[in-house]
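Novice: I'd like to ask you about the structure that follows.
The values are calculated or read from the model by the stated rules, or taken from the named source; none is laboratory data. Please read all numbers here as calculations on a predicted model, not as lab measurements. Here Cβ is always computed from backbone atoms with ideal geometry, including for glycine, and neighbour counts include all displayed protein chains.
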Amino acid sequence: LSTAVATAAPRRAVQPRHAGWAGIALGFVAWFIALPPVLARTPVPSILIGLLAMTAGAWAIAGGEKRLGWGAVVAGLVGGAGAVASTQSGVGNLQDVVTWSALVAATLRFATPLTFGALGGIISERSGVVNIALEGMMLTGAFFGIFGADLLDSWFLGLLVGMAAGGVVALLYAFFAIQLRADQIVGGTAINFLALGITGYIFLDHYGDQGTPDNIPRVPDVSIPGIKNLSFFGDAIGKANLLTWVALVGAVVLAVFLFRTPQGLRVRAVGEHPRAAETVGISVMRTRYLSVVCSGVLAAMGGAYLSIAFVGSFNQGMTAGRGFIALAAVIFGKWSPGGAVAAAMLFGFSTALAQRLPAFSPSAAVLFQALPYVLTLIAVAGVIGRSRPPAADGQPYIKE
Amino acid sequence: VSDPDLEPQAGAALAGEPGPEVAAMTPAARLAGYVRGGGIVVPVLTTLLAFFVGGLVILVTGHNPLSTYKAIFNGTGLNWFFPWTSSDDRTTAALNLQQTLIITTPLILVGLAVAFAFRAGLFNIGGEGQYLVGSYFAVWVGSSFSGMPKLLHIVVAIVAAALAGAVWAGIAGLLKATVGAHEVISTIMLNWIAVWVGIYLFGLNGPLQNSDPQQQSVPVSSDVVSSAKLPVFWGDPELQGLHVGLFIALAAVLVFWVLVNRSKIGYEVRAVGLNPEAARYGGISVARNYVLVMAVCGVFAGIAGSLDVLGWEFHIATNDIQLASASGLGFIGIAVALLGRNTAGGTLAAALLFGALLSGTSQRNLDPTIFEPELASNLTLIIQGLVVLIVSADVIVLTMLRRGRGLFRRRRPAAPAPAQEAEAA
């Protein structure tokens, strides 16, 4: 009988893993029903759902799914507590902060540059080149994107100019990191300084104190007729910017490329074990050069999104750390495109929330801007699963 | 300025055949090779090359590089030392030189903060965050406790800043020691957390925003009270004269030198930096050293923040924090340490160079009729970036120079390697 139970166990319909995920989902639900538009004004159902989530988590822990189970317990606890706090606060404040369509729209806006940057970071690091220069590459794309759009009077050509500029900067970085086998972190830091100086210099030299003109051609929003009129997310998804869609499609393309094509396998092989890759005839140098240049082009698209789609102007150092949040998204998403998009969305959401929370506390809301960095610090500390970079990440390769 | 005390095995990998072990070397080992390799010649060449490329940028954008560099030089006030400077010019030069040394003071310290970590094989990219956290504590202590005696108040403020920096950097060291989290990632994250915490603290309605009823709409801290202000020993205190913090920075250089070259800690730190595995085998606790080293770095950077606040800034505005987040002194400290090759004297010299460059290109010191200060401050960033870029690759450049090989090995006839490689695999 015992053997029968043992063999039957894996075939159970509900496995601990499912219970863990269900618990996490319930945690979200617990808080969700206390927020607009449901707006339950009594905490009792939320507390019950939160407890249910924690029970599911406990069961998952007992079943061996420790990490997921603890996640569910925490989700239940946070969700329940958040719901209690929400029922205590004024309806007016809640409706100011939690306007889902506006929150989703803002999340997408803030997540788009991070997604581009993170995709760039992934392709570079998967090939074994640490890319701490994402910030500089993004800034280059931001400036040259708007510079090109202004001079050539076309957002499309501007985007191309920005991407090309990002590629050139990445090529310079690649030459130092790959050819000269420079210390990649020192080299990346140098690229960040250079990008800051060069974009600032040309910006001031060309535009002076006036700044970029107001009538820059902007990347258009994509209006989707069917979805646009839906009540909940319709406003956000139906009118998202073209580049937001490009970023999301780009993530899918990169995921397919890395994990479903021979070329992607080669990139990963070069990042994990360059000597073995070289032995089977893959050119480590060429693969890394291409990956780093792609990385620069992608990061520059994120920067160009900022200048010619989101804001419509440029100011010195306008990326303001977004390249580093993108780097954080790479790590938080464990070097996978899907994970990076999820991380970018989470980080974008925290920024979106920081913009709306002043209804509750005018000063403390700004702390939400630090959330991506805190979460990444927790992630590298190994609390939320180990974040393991590609084995040869950051090591220069010397051909035998 | 080179460091003769390095272990002989430091450059062994560089001197021998470049095998895979070169790739796996720690940054400290690479830099140790650099110290052995070039003496003072390579940093000087690096600097000249960076200034030359910067001059090209000036030329391409339609300005005269020579007159621009001359104006920047006059802005640094270093012409004060020339005997032929006329007495009128000397007055201006003195004012400018005071500014140069005021900027050099924190640069020395953040340079040491980066350099000390490099000696242990760690890359402390978080000097900016440690500097900021230190300055927050200094401004908090300095603007409260107004009844305290002068010397005590200053000491308490500086010690609080040093401890805050140590704790902030120590987090990265602890994460490295316990779970192996890469210090570059954690210090970058800590930088930005420090930035946002500062914007929260001194922002509108923040807990440390100024208490002056006239300034309730200004996101700035309270002013440091007079008992916590560092005394000015050269120039007019009302016109931002030179404060005594310079001597604290110079003392820190001495402490750094003794710590690295003449102490047990320094020996262990260098051993860990050159080869953590060998150090562990030799009975040195690598984990303890990581925490210790980062804490010491944080002390240096934290003091830097306190000297700026107590010496001439006297308050912190959120605008300044935001500006510093991308190109603050903590980042210039990386260039200072790398150009100074992580030695005490080298860091001092490089700090003076970058301090001069910063003050020479500042709005206050540079003659705007010759070159716009805003452009010039970007020129500083370009030169700084070029210096770091050239330094990043110089280990290998030196190796190649010494061995007389070209960098583009693919153009050389391929050695009969495949068989050998198959065996190795």
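Novice: Report yes if B:PRO418 is at the interface with chain A (Cβ under 9 Å from one of its Cβ atoms) and either modelled with pLDDT under 85 or over 15 Å from the mean Cα position of the chain (by Cα) (or both), otherwise no.
Specialist: Considered against the rule, which asks whether it is at the interface with chain A (Cβ under 9 Å from one of its Cβ atoms) and either modelled with pLDDT under 85 or over 15 Å from the mean Cα position of the chain (by Cα) (or both), B:PRO418 comes out as yes.
Novice: Tell me which residues, restricted to region B:53-64, are under 11 Å from B:PHE371 (Cα atoms) and at pLDDT 90 or above.
Specialist: Once the filter is applied, which keeps residues that are under 11 Å from B:PHE371 (Cα atoms) and at pLDDT 90 or above, region B:53-64 yields nothing.
Novice: Name the one entry in B:SER211, B:SER217 that is surrounded by fewer than 14 Cβ atoms within 10 Å (Cβ to Cβ), away from chain A (no Cβ under 14 Å) and assigned to a loop (DSSP other than H, G, I, E, B).
Specialist: Sole residue among the options that is surrounded by fewer than 14 Cβ atoms within 10 Å (Cβ to Cβ), away from chain A (no Cβ under 14 Å) and assigned to a loop (DSSP other than H, G, I, E, B): B:SER211.
Novice: Out of all the residues in region A:258-271, which are surrounded by 17 or more Cβ atoms within 10 Å (Cβ to Cβ) and either among the charged types (D, E, K, R) or under 20 Å from the mean Cα position of the chain (by Cα) (or both)?
Specialist: Hits for region A:258-271 are A:LEU258, A:ARG266, A:ARG268.
Novice: Given the condition in a helix (DSSP H, G or I), under 26 Å from B:VAL296 (Cβ atoms) and among the polar types (S, T, N, Q), answer yes or no: does some residue in region B:251-266 qualify?
Specialist: yes
Novice: Tell me yes or no: at least one residue of region A:168-187 is within 12 Å of chain B (Cβ to nearest Cβ), among the hydroxyl-bearing types (Ser, Thr, Tyr) and under 27 Å from B:VAL391 (Cα atoms).
Specialist: yes
Novice: May I ask you to list the residues in region B:46-96 that are in contact with a Ser or Thr (Cβ under 8 Å, 6 or more places away or on another chain) and acidic (Asp, Glu)?
Specialist: None; the set is empty.
Novice: Can you pull out every residue in region B:313-342 that is within 19 Å of B:ALA252 (Cβ to Cβ) and at pLDDT 90 or above?
Specialist: Within region B:313-342, B:GLY333, B:VAL336, B:ALA337 qualify.
Novice: Filter region B:220-243 down to the residues that are surrounded by fewer than 21 Cβ atoms within 10 Å (Cβ to Cβ) and touching a Ser or Thr at 6+ places or on another chain (Cβ under 8 Å), then identify the one that is farthest from the other protein chains (Cβ to nearest Cβ).
Specialist: Applying the filter and picking the extreme gives B:SER227.
Novice: Shifting gears a bit: From the list B:THR105, B:THR47, B:THR68, B:THR91, which one is assigned to a helix (DSSP H, G or I), of a type in the set (S, T, N, Q) and in contact with an Asp or Glu (Cβ under 9 Å, 6 or more places away or on another chain)?
Specialist: B:THR105
Novice: If you check every pair at least six apart or on different chains, which have Cβ atoms under 9 Å apart with a residue in region B:187-198 that is under 13 Å from B:PHE331 (Cβ atoms) and facing chain A (nearest Cβ under 7 Å) first and a residue that is hydrophobic (A, V, I, L, M, F, W, C) and part of a helix (DSSP H, G or I) second?
Specialist: Going by the 9 Å Cβ cut-off, the qualifying pairs are B:ILE188/A:PHE324; B:ILE188/A:LEU327; B:ILE188/A:ALA328; B:TRP192/A:PHE324; B:TRP192/A:ILE325; B:TRP192/A:ALA328; B:TRP192/A:ALA370.
Novice: Mind listing whichever residues of region B:114-158 are in a loop (DSSP other than H, G, I, E, B), within 22 Å of B:LEU259 (Cβ to Cβ) and more than 13 Å from the chain's Cα centre (by Cα)?
Specialist: Correct list: B:ALA120, B:GLY121, B:LEU122.
Novice: Here's another thing I want to ask about it. Return yes or no: is A:ALA34 of a type in the set (Gly, Ala, Ser), outside any helix (DSSP H, G or I) and over 30 Å from the mean Cα position of the chain (by Cα)?
Specialist: no
Novice: If the requirement is being surrounded by fewer than 24 Cβ atoms within 10 Å (Cβ to Cβ), over 30 Å from B:GLY55 (Cβ atoms) and not aromatic (Phe, Trp, Tyr), which of these qualifies: B:LEU323, B:LEU254?
Specialist: One residue alone meets the criteria, B:LEU254.
Novice: Suppose the filter is closer than 20 Å to A:LEU68 by Cα and modelled with pLDDT under 85; does A:ALA343 pass it?
Specialist: No; evaluated as a whole, the condition is false for this residue.
Novice: With the requirement that a residue be modelled with pLDDT under 75 and more than 9 Å from every other protein chain (Cβ to nearest Cβ), what does region A:358-382 give you?
Specialist: If the condition is that a residue be modelled with pLDDT under 75 and more than 9 Å from every other protein chain (Cβ to nearest Cβ), then A:PRO358, A:ALA359, A:PHE360 are the ones that fit.
Novice: List the number of the failed condition for B:VAL156; all other conditions in (1) at the interface with chain A (Cβ under 8 Å from one of its Cβ atoms); (2) surrounded by fewer than 24 Cβ atoms within 10 Å (Cβ to Cβ) hold.
Specialist: Going through (1) at the interface with chain A (Cβ under 8 Å from one of its Cβ atoms); (2) surrounded by fewer than 24 Cβ atoms within 10 Å (Cβ to Cβ) one by one, B:VAL156 breaks only (1).
Novice: Of all the residues that make up region A:143-202, how many are part of a helix (DSSP H, G or I) and among the acidic types (Asp, Glu)?
Specialist: Looking only at that region, the number is 1.
Novice: State which residue is farthest from the chain's Cα centre (by Cα) when the search covers only region B:181-208 and only residues that are under 23 Å from A:ILE325 (Cβ atoms) and either small (Gly, Ala, Ser) or not in a helix (DSSP H, G or I) (or both).
Specialist: Of everything passing the filter in region B:181-208, B:GLY206 is farthest from the chain's Cα centre (by Cα).
Novice: From A:VAL292, A:VAL330, which residue is in a helix (DSSP H, G or I), within 14 Å of chain B (Cβ to nearest Cβ), of a type outside the set (Phe, Trp, Tyr) and buried (at least 24 other Cβ atoms within 10 Å of the Cβ)?
Specialist: Criteria check complete, one pass: A:VAL330.
Novice: When you scan region B:277-393 for helices (runs of 4 or more DSSP H) that lie fully inside it, which ones turn up with 3 or more residues that are within 11 Å of another protein chain (Cβ to nearest Cβ) and farther than 24 Å from B:THR47 by Cβ?
Specialist: The helices (runs of 4 or more DSSP H) meeting that bar are B:318-327.
Novice: Sticking with this one: Do we have B:ARG270 as touching a helix residue (DSSP H, G or I) at 6+ places or on another chain (Cβ under 9 Å), surrounded by 21 or more Cβ atoms within 10 Å (Cβ to Cβ) and within 25 Å of B:GLY180 (Cβ to Cβ) here?
Specialist: So B:ARG270 fits the description; yes.
Residue-by-condition table, conditions (1) of a type in the set (Ser, Thr, Tyr); (2) touching a residue at least 40 places away in the same chain (Cβ under 8 Å):
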{"position": "B:GLN214", "(1), (2)": "no, no"}
{"position": "B:SER221", "(1), (2)": "yes, yes"}
{"position": "B:GLU238", "(1), (2)": "no, no"}
{"position": "B:ILE248", "(1), (2)": "no, yes"}
{"position": "B:ALA251", "(1), (2)": "no, no"}
{"position": "B:VAL269", "(1), (2)": "no, yes"}
{"position": "B:ILE284", "(1), (2)": "no, no"}
{"position": "B:ASP308", "(1), (2)": "no, yes"}
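Residue-by-condition table, conditions (1) modelled with pLDDT under 85; (2) among the hydroxyl-bearing types (Ser, Thr, Tyr); (3) in contact with a helix residue (DSSP H, G or I) (Cβ under 7 Å, 6 or more places away or on another chain):
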{"site": "A:THR87", "(1), (2), (3)": "yes, yes, no"}
{"site": "A:PHE110", "(1), (2), (3)": "no, no, yes"}
{"site": "A:GLY117", "(1), (2), (3)": "no, no, yes"}
{"site": "A:ILE122", "(1), (2), (3)": "no, no, yes"}
{"site": "A:SER127", "(1), (2), (3)": "no, yes, yes"}
{"site": "A:GLU135", "(1), (2), (3)": "no, no, yes"}
{"site": "A:SER154", "(1), (2), (3)": "no, yes, no"}
{"site": "A:ALA165", "(1), (2), (3)": "no, no, yes"}
{"site": "A:ARG181", "(1), (2), (3)": "yes, no, yes"}
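Novice: Any residue that is touching a Cys at 6+ places or on another chain (Cβ under 8 Å), away from chain B (no Cβ under 12 Å) and crowded, with 24+ Cβ neighbours inside 10 Å - is there at least one of those in region A:112-122?
Specialist: Yes, the conditions are met somewhere in region A:112-122.
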